[in-house]
């Protein structure tokens, strides 16, 4: 079979519009330097990437097109040359600004090349900002896409357009089903295997401290930092804006965000409603959560709502039982049983009893944070994962559906933070939730996932990971 020539996709645009961030997102690696300083990328970077399971192409990251100096003019010339040599062009603009005449001129110059050309309006970070996207339709592009690369939003339509211009890799005819000793090739089945990409050192941890009002969040932050950096008061809801503080610990940069108290919706007025919005937005950027609970009180409905945010954002979690120094009525077992019964969805989260006021066991929280984060981004070797899968299936076979045999061919971890595992099946829609839960519990018994959620999805061969999950 004749080898296919890979299509070349060039990402071009003016400085600081997010070209390198999109390159990193497509390549799933952070090897292009990104910053807020205009003109950071001065060379041409290339990477062969795969989307939709069987579509490979070479993505090219170019320097910003800027004619403000001789150096930048040379960079611009290289960028435009890359666009001329490419098969597909992605022109990016900053969606937080109004359409610029220079952007239009550059876009029309690229349009004259008569190649597939998409206008990507980046930095559309929420639904409200999407209104600005409509202003860029005046470019008259055949394909215009709003996008937030940093928040990983609005990618589906963009990927669909890419699929129209990137041919699928020709596959060999299907053979027999995998035998147990047959080598597993994850790329023949799913978008990617996380173990096929180079692991990048990631030692920056974003930690959110959440809980209902007056549970001691500000006091805990001060105890962890060793100094008074947040206003502490007995008045519920003293903290309004999240306050970011970074410390270095055990070769990690840990950034804490002390959040405003989350109140009952009926009592949220004015600036406190703003604080709740900020808290929710902050959780989208967090890796790990310290869930603050008052050990002297029973779990309330409001505690459940607060804890539900952790499940919603699929974050690592440590449950912090504060005020243990004054808890005289309930034993540790009673408190834990109450929490496990009411917060079943956080079954994976460990506990620590502390006193933010006296400093009791506060120092152990930092060790817990780094340990949980290590699990949050851990990779399970594909061969080890599949050995474990086979053991689980031998113990409890996949239930048939109305007499139809349901097979799971193999598993591959395709993402971290949190760990995500795809089960490749002949009938993924019939891999029941209860069986995925069984596999999740089995994997947890074999691998250390304490403190982190574990996502398991069932997919057909070649099905994209961002498609709707079968229930």
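So that you can scan it fast, the table gives a plain yes or no per residue for (1) loosely packed, with under 15 Cβ neighbours inside 10 Å; (2) under 23 Å from the mean Cα position of the chain (by Cα); (3) assigned to a strand (DSSP E or B); (4) assigned by TED's automatic domain parsing to the domain that holds residue 26:
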| position | (1), (2), (3), (4) |
| --- | --- |
| 99 | no, no, no, yes |
| 107 | no, no, no, yes |
| 121 | no, yes, yes, yes |
| 131 | yes, no, no, yes |
| 138 | yes, no, no, yes |
For this session: Name every residue in segment 148-165 that is part of a loop (DSSP other than H, G, I, E, B) and either in the same structural domain as residue 415 (by TED's automatic domain parsing) or modelled with pLDDT of 90 or more (or both), in order of residue number.
Result: none
For this session: For segment 339-347, state whether one or more residues are under 23 Å from residue 431 (Cα atoms) and not in a helix (DSSP H, G or I).
Result: yes
For this session: Evaluate the following for residue 413: is it farther than 21 Å from residue 439 by Cα, touching a residue at least 60 places away in the same chain (Cβ under 8 Å) and crowded, with 17+ Cβ neighbours inside 10 Å?
Result: no
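Confirm whether residue 309 is under 21 Å from the mean Cα position of the chain (by Cα), more than 18 Å from residue 440 (Cβ to Cβ) and at pLDDT below 90.
It is true that residue 309 is under 21 Å from the mean Cα position of the chain (by Cα), more than 18 Å from residue 440 (Cβ to Cβ) and at pLDDT below 90.
Determine, yes or no, whether residue 200 is exposed (fewer than 15 other Cβ atoms within 10 Å of the Cβ), over 18 Å from residue 286 (Cα atoms), at pLDDT below 75 and more than 27 Å from the chain's Cα centre (by Cα).
no
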Exercise. Are there any pairs with C-beta distances below 6 angstrom linking a residue in segment 91-105 that is farther than 10 Å from residue 119 by Cβ to a residue that is part of a strand (DSSP E or B), with the two at least 6 apart or on different chains, and if so which?
Worked result: 95/121; 95/122
Exercise. Residue 378 versus (1) within 20 Å of residue 441 (Cβ to Cβ); (2) part of a helix (DSSP H, G or I): which is the lone unmet condition?
Worked result: (2)
Problem set entry | Of all residues in segment 340-372 being out of contact with any helix residue (DSSP H, G or I) (no Cβ under 8 Å at 6 or more places or on another chain) and more than 25 Å from residue 255 (Cα to Cα), the one that is surrounded by the most Cβ atoms within 10 Å (Cβ to Cβ) | 340
Seminar exercise, completed: Taking segment 437-455 and keeping only residues that are farther than 18 Å from residue 373 by Cα and surrounded by fewer than 20 Cβ atoms within 10 Å (Cβ to Cβ), one is left with 437, 438, 440, 441, 442, 445, 446
Seminar exercise, completed: Checked pairs for segment 189-215, first over 23 Å from residue 248 (Cβ atoms), second modelled with pLDDT under 65 and in a helix (DSSP H, G or I), C-beta under 6 Å and 6 or more apart or across chains, list as 193/186
Seminar exercise, completed: Checked segment 1-37 for anything at pLDDT 75 or above and on the phi > 0 side of the Ramachandran plot; matches are 13, 16, 18
Problem set entry | Selection within segment 416-430 - part of a loop (DSSP other than H, G, I, E, B) and touching a residue at least 40 places away in the same chain (Cβ under 8 Å) | 416, 417, 418, 419
Problem set entry | Subset of segment 218-251 [at pLDDT 85 or above, crowded, with 17+ Cβ neighbours inside 10 Å and within 29 Å of the chain's Cα centre (by Cα)] | 220, 221, 224
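The values are calculated or read from the model by the stated rules, or taken from the named source; none is laboratory data. In this text the structure is predicted, and so the values were computed from the model without any measurement. Neighbour counts are summed over all protein chains in view; Cβ atoms, including those assigned to glycine, are modelled from backbone coordinates with ideal geometry.
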